[in-house]
Amino acid sequence: MASKSRPTLRTIADHLGIHCATVSRALRGDTRITDAVRQQVNKAAEKLGYKRDSKLSELMKHLRSSKQRSFQGTLAWITNLDPADADMKAMIDQFLPPAQKRAEKLGYTLEATFNVKPNDAPKLARIFRARGIHGVWASIFWEVDYDEWKWDWKKFAFIHHGAEPKRRIVDVVDADDRQNIQHLYQSLAARGYQRIGVATTDHLEREALFELTAGRTRFAMQNPAHPAFEPCLIKALNAAGAAKIAKWIKKHKVDCIVSRWRGMTDLLKSIGYKVPTDIGLAYVTVRPDGGTQHHASGIDVNAAMIASTAIDTLISAVEHRRFGLPALPRQTLVPGRWHQGDTTR
(Lines give C-alpha, C1' and ligand atoms only; values in the text may rest on other atoms or scores of the structure.)
Protein backbone atom coordinates (compact mmCIF):
# COMPACT_ATOMS: atom_id res chain seq x y z
CA MET A 1 0.00 0.00 0.00
CA ALA A 2 1.41 3.36 -1.02
CA SER A 3 2.10 5.80 1.81
CA LYS A 4 0.39 9.14 1.89
CA SER A 5 2.39 12.06 0.50
CA ARG A 6 3.70 14.52 3.03
CA PRO A 7 1.22 17.41 3.58
CA THR A 8 2.42 20.82 2.40
CA LEU A 9 1.34 24.44 2.71
CA ARG A 10 -0.68 23.87 -0.47
CA THR A 11 -2.46 20.95 1.22
CA ILE A 12 -3.57 23.19 4.08
CA ALA A 13 -4.52 26.02 1.71
CA ASP A 14 -6.67 23.71 -0.44
CA HIS A 15 -8.27 22.21 2.66
CA LEU A 16 -9.29 25.64 3.96
CA GLY A 17 -9.92 27.28 0.59
CA ILE A 18 -7.46 30.13 1.21
CA HIS A 19 -4.29 31.36 -0.44
CA CYS A 20 -1.02 29.50 0.18
CA ALA A 21 0.71 32.75 1.20
CA THR A 22 -1.93 33.27 3.90
CA VAL A 23 -1.16 29.83 5.31
CA SER A 24 2.57 30.55 5.32
CA ARG A 25 2.12 33.87 7.11
CA ALA A 26 -0.31 32.41 9.62
CA LEU A 27 2.11 29.62 10.56
CA ARG A 28 4.86 32.23 11.03
CA GLY A 29 2.64 34.26 13.38
CA ASP A 30 2.51 37.24 11.02
CA THR A 31 0.36 39.95 12.68
CA ARG A 32 -1.14 40.89 9.32
CA ILE A 33 -3.19 37.68 9.62
CA THR A 34 -6.08 37.81 12.09
CA ASP A 35 -6.05 35.68 15.24
CA ALA A 36 -9.07 33.73 14.00
CA VAL A 37 -7.39 32.76 10.72
CA ARG A 38 -4.12 31.90 12.47
CA GLN A 39 -5.97 29.57 14.84
CA GLN A 40 -7.87 28.01 11.93
CA VAL A 41 -4.65 27.38 10.00
CA ASN A 42 -2.84 25.91 13.01
CA LYS A 43 -5.73 23.53 13.75
CA ALA A 44 -5.82 22.41 10.10
CA ALA A 45 -2.04 21.89 10.07
CA GLU A 46 -2.27 19.71 13.17
CA LYS A 47 -5.22 17.74 11.78
CA LEU A 48 -3.50 17.10 8.44
CA GLY A 49 -0.20 16.16 10.08
CA TYR A 50 1.80 19.03 8.63
CA LYS A 51 5.40 19.23 9.84
CA ARG A 52 7.68 22.20 9.23
CA ASP A 53 10.88 21.54 7.29
CA SER A 54 13.37 23.38 9.51
CA LYS A 55 16.02 23.68 6.78
CA LEU A 56 13.53 25.00 4.27
CA SER A 57 12.11 27.41 6.87
CA GLU A 58 15.58 28.82 7.57
CA LEU A 59 16.24 29.20 3.85
CA MET A 60 12.95 31.05 3.30
CA LYS A 61 13.61 33.24 6.31
CA HIS A 62 16.97 34.20 4.82
CA LEU A 63 15.46 34.91 1.41
CA ARG A 64 12.70 37.05 2.92
CA SER A 65 15.16 39.05 5.03
CA SER A 66 17.59 39.58 2.15
CA LYS A 67 15.14 41.28 -0.17
CA GLN A 68 13.59 44.70 0.26
CA ARG A 69 10.01 44.67 1.47
CA SER A 70 7.17 46.58 -0.13
CA PHE A 71 6.04 49.81 1.51
CA GLN A 72 4.77 49.22 5.05
CA GLY A 73 4.41 52.74 6.47
CA THR A 74 6.13 55.83 7.83
CA LEU A 75 8.19 56.23 11.01
CA ALA A 76 9.25 59.44 12.76
CA TRP A 77 12.63 60.50 14.12
CA ILE A 78 12.43 63.41 16.55
CA THR A 79 15.48 65.09 18.04
CA ASN A 80 16.50 68.22 19.91
CA LEU A 81 19.54 68.55 17.65
CA ASP A 82 19.72 71.65 15.44
CA PRO A 83 20.98 71.05 11.86
CA ALA A 84 22.07 74.72 11.68
CA ASP A 85 24.80 73.98 14.25
CA ALA A 86 27.85 72.35 12.61
CA ASP A 87 28.60 69.92 15.45
CA MET A 88 24.95 68.94 15.82
CA LYS A 89 24.66 68.52 12.05
CA ALA A 90 27.59 66.08 12.23
CA MET A 91 25.71 64.08 14.88
CA ILE A 92 22.56 64.09 12.75
CA ASP A 93 24.57 62.83 9.78
CA GLN A 94 25.90 59.98 11.92
CA PHE A 95 22.47 58.64 12.83
CA LEU A 96 19.84 59.74 10.32
CA PRO A 97 21.15 58.39 6.96
CA PRO A 98 21.88 54.84 8.20
CA ALA A 99 18.52 54.80 9.99
CA GLN A 100 16.70 55.87 6.83
CA LYS A 101 18.59 53.26 4.80
CA ARG A 102 17.65 50.50 7.24
CA ALA A 103 14.01 51.64 7.39
CA GLU A 104 13.80 51.70 3.58
CA LYS A 105 15.14 48.16 3.35
CA LEU A 106 12.36 47.03 5.69
CA GLY A 107 9.69 48.86 3.73
CA TYR A 108 9.38 52.06 5.75
CA THR A 109 10.22 55.73 5.29
CA LEU A 110 11.75 57.67 8.19
CA GLU A 111 10.97 61.37 8.47
CA ALA A 112 12.91 63.70 10.76
CA THR A 113 11.80 66.60 12.96
CA PHE A 114 14.54 68.76 14.50
CA ASN A 115 14.77 71.21 17.43
CA VAL A 116 12.09 69.32 19.37
CA LYS A 117 11.26 70.59 22.86
CA PRO A 118 9.09 68.89 25.52
CA ASN A 119 6.22 71.33 24.97
CA ASP A 120 6.15 70.31 21.27
CA ALA A 121 5.03 66.80 22.25
CA PRO A 122 1.21 67.23 22.14
CA LYS A 123 1.30 68.90 18.71
CA LEU A 124 3.68 66.33 17.25
CA ALA A 125 1.58 63.45 18.60
CA ARG A 126 -1.52 64.92 16.96
CA ILE A 127 0.29 65.35 13.64
CA PHE A 128 1.67 61.81 13.71
CA ARG A 129 -1.70 60.30 14.58
CA ALA A 130 -3.37 62.21 11.74
CA ARG A 131 -0.72 60.89 9.33
CA GLY A 132 -0.98 57.29 10.51
CA ILE A 133 2.52 57.24 12.02
CA HIS A 134 2.68 54.75 14.90
CA GLY A 135 6.45 54.45 15.45
CA VAL A 136 8.62 57.19 16.96
CA TRP A 137 12.36 57.13 17.62
CA ALA A 138 13.40 60.01 19.88
CA SER A 139 17.06 61.06 19.99
CA ILE A 140 17.12 63.55 22.86
CA PHE A 141 20.65 64.41 23.92
CA TRP A 142 20.15 66.51 27.05
CA GLU A 143 17.72 67.22 29.86
CA VAL A 144 15.15 64.54 29.09
CA ASP A 145 12.25 63.93 31.46
CA TYR A 146 9.47 62.03 29.72
CA ASP A 147 7.19 62.49 32.72
CA GLU A 148 6.90 66.11 31.57
CA TRP A 149 5.93 65.18 28.01
CA LYS A 150 2.21 65.38 27.30
CA TRP A 151 2.50 62.54 24.82
CA ASP A 152 -0.29 60.21 23.72
CA TRP A 153 1.68 57.12 24.73
CA LYS A 154 -1.13 54.62 24.03
CA LYS A 155 -1.09 55.42 20.31
CA PHE A 156 2.62 54.85 19.64
CA ALA A 157 5.58 52.53 19.81
CA PHE A 158 8.33 54.75 21.22
CA ILE A 159 12.13 54.20 21.36
CA HIS A 160 14.55 56.52 23.19
CA HIS A 161 18.21 57.20 22.40
CA GLY A 162 20.54 59.85 23.79
CA ALA A 163 20.85 61.27 27.31
CA GLU A 164 19.81 59.05 30.20
CA PRO A 165 16.15 59.86 30.95
CA LYS A 166 15.39 61.19 34.43
CA ARG A 167 13.10 58.17 34.80
CA ARG A 168 13.22 55.31 32.31
CA ILE A 169 9.62 54.77 31.22
CA VAL A 170 10.20 53.90 27.54
CA ASP A 171 12.33 51.34 25.71
CA VAL A 172 15.91 52.45 25.07
CA VAL A 173 18.43 51.67 22.33
CA ASP A 174 21.77 53.33 22.96
CA ALA A 175 25.55 53.10 23.22
CA ASP A 176 26.91 50.75 25.86
CA ASP A 177 28.54 53.55 27.84
CA ARG A 178 29.86 51.37 30.65
CA GLN A 179 31.59 48.95 28.28
CA ASN A 180 32.77 51.79 26.05
CA ILE A 181 34.38 53.63 28.96
CA GLN A 182 36.23 50.50 30.09
CA HIS A 183 37.36 49.94 26.50
CA LEU A 184 38.58 53.54 26.44
CA TYR A 185 40.80 53.11 29.53
CA GLN A 186 42.07 49.73 28.33
CA SER A 187 43.01 51.21 24.95
CA LEU A 188 44.92 54.06 26.59
CA ALA A 189 46.78 51.67 28.90
CA ALA A 190 47.70 49.55 25.87
CA ARG A 191 49.30 52.66 24.36
CA GLY A 192 51.57 53.04 27.37
CA TYR A 193 49.73 55.69 29.40
CA GLN A 194 50.17 55.21 33.15
CA ARG A 195 48.61 58.28 34.80
CA ILE A 196 45.20 58.54 33.16
CA GLY A 197 42.95 61.16 34.71
CA VAL A 198 39.44 62.55 34.19
CA ALA A 199 39.13 66.29 33.52
CA THR A 200 35.86 67.83 32.39
CA THR A 201 33.16 70.19 33.62
CA ASP A 202 31.20 69.31 36.72
CA HIS A 203 27.99 69.88 34.75
CA LEU A 204 28.86 67.40 31.98
CA GLU A 205 30.00 64.70 34.38
CA ARG A 206 26.98 65.15 36.63
CA GLU A 207 24.65 65.01 33.62
CA ALA A 208 26.29 61.72 32.59
CA LEU A 209 25.84 60.28 36.12
CA PHE A 210 29.61 60.44 36.77
CA GLU A 211 30.28 57.62 34.31
CA LEU A 212 33.86 58.66 33.48
CA THR A 213 34.81 58.98 37.15
CA ALA A 214 33.14 55.72 38.17
CA GLY A 215 34.67 53.95 35.16
CA ARG A 216 38.14 55.18 36.12
CA THR A 217 37.74 53.78 39.64
CA ARG A 218 36.48 50.47 38.25
CA PHE A 219 39.44 50.28 35.84
CA ALA A 220 41.90 50.93 38.70
CA MET A 221 40.36 48.14 40.79
CA GLN A 222 40.78 45.75 37.88
CA ASN A 223 44.24 47.07 36.97
CA PRO A 224 46.30 47.88 40.12
CA ALA A 225 49.17 49.16 37.96
CA HIS A 226 46.92 52.11 37.05
CA PRO A 227 45.81 53.52 40.43
CA ALA A 228 42.96 56.00 40.40
CA PHE A 229 43.28 59.57 41.67
CA GLU A 230 40.81 62.41 42.06
CA PRO A 231 39.20 63.80 38.89
CA CYS A 232 39.42 67.48 37.99
CA LEU A 233 35.86 68.76 37.60
CA ILE A 234 35.84 72.47 36.88
CA LYS A 235 32.85 74.78 37.26
CA ALA A 236 33.46 77.00 34.26
CA LEU A 237 35.54 77.10 31.09
CA ASN A 238 37.56 80.15 32.08
CA ALA A 239 41.00 81.14 33.35
CA ALA A 240 40.25 79.83 36.82
CA GLY A 241 39.24 76.46 35.36
CA ALA A 242 42.42 76.31 33.26
CA ALA A 243 44.56 77.12 36.32
CA LYS A 244 42.85 74.36 38.31
CA ILE A 245 43.58 71.80 35.57
CA ALA A 246 47.24 72.92 35.33
CA LYS A 247 47.68 72.44 39.07
CA TRP A 248 45.93 69.05 38.93
CA ILE A 249 48.15 67.78 36.05
CA LYS A 250 51.29 68.73 37.94
CA LYS A 251 50.12 67.26 41.26
CA HIS A 252 49.18 63.86 39.82
CA LYS A 253 51.75 63.69 37.02
CA VAL A 254 48.95 63.11 34.51
CA ASP A 255 50.13 61.75 31.15
CA CYS A 256 46.71 61.37 29.50
CA ILE A 257 43.38 63.11 30.06
CA VAL A 258 39.96 61.60 29.43
CA SER A 259 37.29 64.23 28.91
CA ARG A 260 33.82 65.05 27.62
CA TRP A 261 34.49 68.73 27.00
CA ARG A 262 35.30 69.45 23.34
CA GLY A 263 37.41 72.50 24.11
CA MET A 264 40.05 70.63 26.11
CA THR A 265 42.71 70.78 23.37
CA ASP A 266 42.61 74.58 23.32
CA LEU A 267 42.55 74.77 27.11
CA LEU A 268 45.65 72.58 27.39
CA LYS A 269 47.37 74.72 24.77
CA SER A 270 46.54 77.83 26.82
CA ILE A 271 48.41 76.41 29.84
CA GLY A 272 51.46 75.31 27.84
CA TYR A 273 50.74 71.67 26.93
CA LYS A 274 50.96 70.28 23.40
CA VAL A 275 48.67 67.38 22.49
CA PRO A 276 49.79 64.60 22.15
CA THR A 277 53.50 65.49 22.50
CA ASP A 278 53.27 66.59 26.15
CA ILE A 279 50.04 64.92 27.18
CA GLY A 280 47.50 62.56 25.64
CA LEU A 281 43.81 63.40 25.28
CA ALA A 282 40.91 61.04 24.59
CA TYR A 283 37.13 61.33 24.55
CA VAL A 284 34.39 58.88 25.45
CA THR A 285 32.63 59.85 22.20
CA VAL A 286 34.35 60.85 18.96
CA ARG A 287 33.04 61.39 15.45
CA PRO A 288 35.41 59.75 12.96
CA ASP A 289 33.37 60.80 9.92
CA GLY A 290 32.76 64.47 10.63
CA GLY A 291 32.40 67.32 13.10
CA THR A 292 35.10 69.25 14.88
CA GLN A 293 36.28 66.13 16.75
CA HIS A 294 36.88 63.83 13.76
CA HIS A 295 40.63 63.97 14.44
CA ALA A 296 40.38 63.10 18.16
CA SER A 297 41.23 59.75 19.75
CA GLY A 298 38.55 57.96 21.73
CA ILE A 299 35.51 55.76 21.36
CA ASP A 300 33.45 55.69 18.18
CA VAL A 301 30.01 54.71 19.50
CA ASN A 302 29.17 52.92 16.24
CA ALA A 303 26.32 55.26 15.32
CA ALA A 304 25.25 53.27 12.25
CA MET A 305 24.72 50.15 14.36
CA ILE A 306 22.78 52.11 16.99
CA ALA A 307 20.59 53.58 14.24
CA SER A 308 19.93 50.20 12.60
CA THR A 309 19.18 48.55 15.95
CA ALA A 310 16.79 51.35 16.91
CA ILE A 311 14.91 50.99 13.61
CA ASP A 312 14.73 47.18 13.90
CA THR A 313 13.42 47.49 17.47
CA LEU A 314 10.89 50.16 16.53
CA ILE A 315 9.56 48.29 13.50
CA SER A 316 9.19 45.12 15.56
CA ALA A 317 7.17 47.07 18.14
CA VAL A 318 4.98 48.65 15.45
CA GLU A 319 4.29 45.39 13.63
CA HIS A 320 3.45 43.60 16.89
CA ARG A 321 1.41 46.62 18.03
CA ARG A 322 3.38 47.08 21.23
CA PHE A 323 2.00 50.55 21.83
CA GLY A 324 1.98 52.52 25.08
CA LEU A 325 4.39 52.59 28.00
CA PRO A 326 5.87 49.15 28.69
CA ALA A 327 5.39 47.61 32.14
CA LEU A 328 9.12 46.83 32.16
CA PRO A 329 11.09 49.08 29.75
CA ARG A 330 13.76 47.24 27.79
CA GLN A 331 17.27 48.51 27.16
CA THR A 332 19.38 47.44 24.17
CA LEU A 333 23.02 48.53 24.34
CA VAL A 334 25.38 48.66 21.35
CA PRO A 335 29.16 48.44 21.97
CA GLY A 336 31.51 50.97 20.42
CA ARG A 337 35.10 50.69 19.16
CA TRP A 338 38.40 52.51 19.63
CA HIS A 339 39.21 55.24 17.12
CA GLN A 340 42.86 56.21 16.77
CA GLY A 341 42.99 59.93 16.15
CA ASP A 342 45.92 62.31 16.52
CA THR A 343 45.40 63.29 20.18
CA THR A 344 47.09 60.16 21.59
CA ARG A 345 50.22 58.27 20.68
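The values are calculated or read from the model by the stated rules, or taken from the named source; none is laboratory data. Please read these numbers as outputs of a predicted model, since none were measured by experiment. Glycine also receives a Cβ, built like all others from the backbone with ideal geometry; neighbour counts cover every protein chain displayed.
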### Query
From the list 199, 220, 240, 189, which residue is outside the structural domain of residue 316 (by TED's automatic domain parsing), assigned to a strand (DSSP E or B), more than 23 Å from the chain's Cα centre (by Cα) and hydrophobic (A, V, I, L, M, F, W, C)?
199
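Residue by residue, here is whether (1) surrounded by 19 or more Cβ atoms within 10 Å (Cβ to Cβ); (2) touching a Phe, Trp or Tyr at 6+ places or on another chain (Cβ under 7 Å); (3) within 17 Å of residue 212 (Cβ to Cβ) holds:
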position: 271; (1), (2), (3): no, no, no
position: 301; (1), (2), (3): yes, no, yes
position: 325; (1), (2), (3): no, yes, no
position: 342; (1), (2), (3): no, no, no
## Note on the structure
Contact list, first residue from segment 322-345 and outside the structural domain of residue 264 (by TED's automatic domain parsing) and under 18 Å from residue 181 (Cα atoms), second anywhere and hydroxyl-bearing (Ser, Thr, Tyr) and assigned to a loop (DSSP other than H, G, I, E, B), beta-carbon distance below 8 Å, six or more apart or interchain, is 344/193
### Message
I want to confirm something. Restricting to segment 252-268 and keeping residues that are farther than 22 Å from residue 192 by Cα and more than 26 Å from the chain's Cα centre (by Cα), which single residue is surrounded by the fewest Cβ atoms within 10 Å (Cβ to Cβ)?
### Response
266
### Task
Considering only segment 87-136, state which residues are of a type in the set (S, T, N, Q) and surrounded by 18 or more Cβ atoms within 10 Å (Cβ to Cβ).
94, 100
### Task
Please find, within segment 16-36, the residue that is modelled with the highest pLDDT out of those that are exposed (fewer than 15 other Cβ atoms within 10 Å of the Cβ) and polar (S, T, N, Q).
34
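Does residue 132 count as at positive phi, in contact (Cβ under 8 Å) with a residue 40 or more places away in the chain and outside the structural domain of residue 204 (by TED's automatic domain parsing)? Walk me through it before giving the result.
Values: at positive phi: yes; in contact (Cβ under 8 Å) with a residue 40 or more places away in the chain: yes; outside the structural domain of residue 204 (by TED's automatic domain parsing): yes.
So residue 132 passes the test.
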### Message
Against the condition assigned to a helix (DSSP H, G or I), surrounded by 11 or more Cβ atoms within 10 Å (Cβ to Cβ), out of contact with any His (no Cβ under 6 Å at 6 or more places or on another chain) and at pLDDT below 90, how does residue 39 come out, does it pass?
### Response
yes
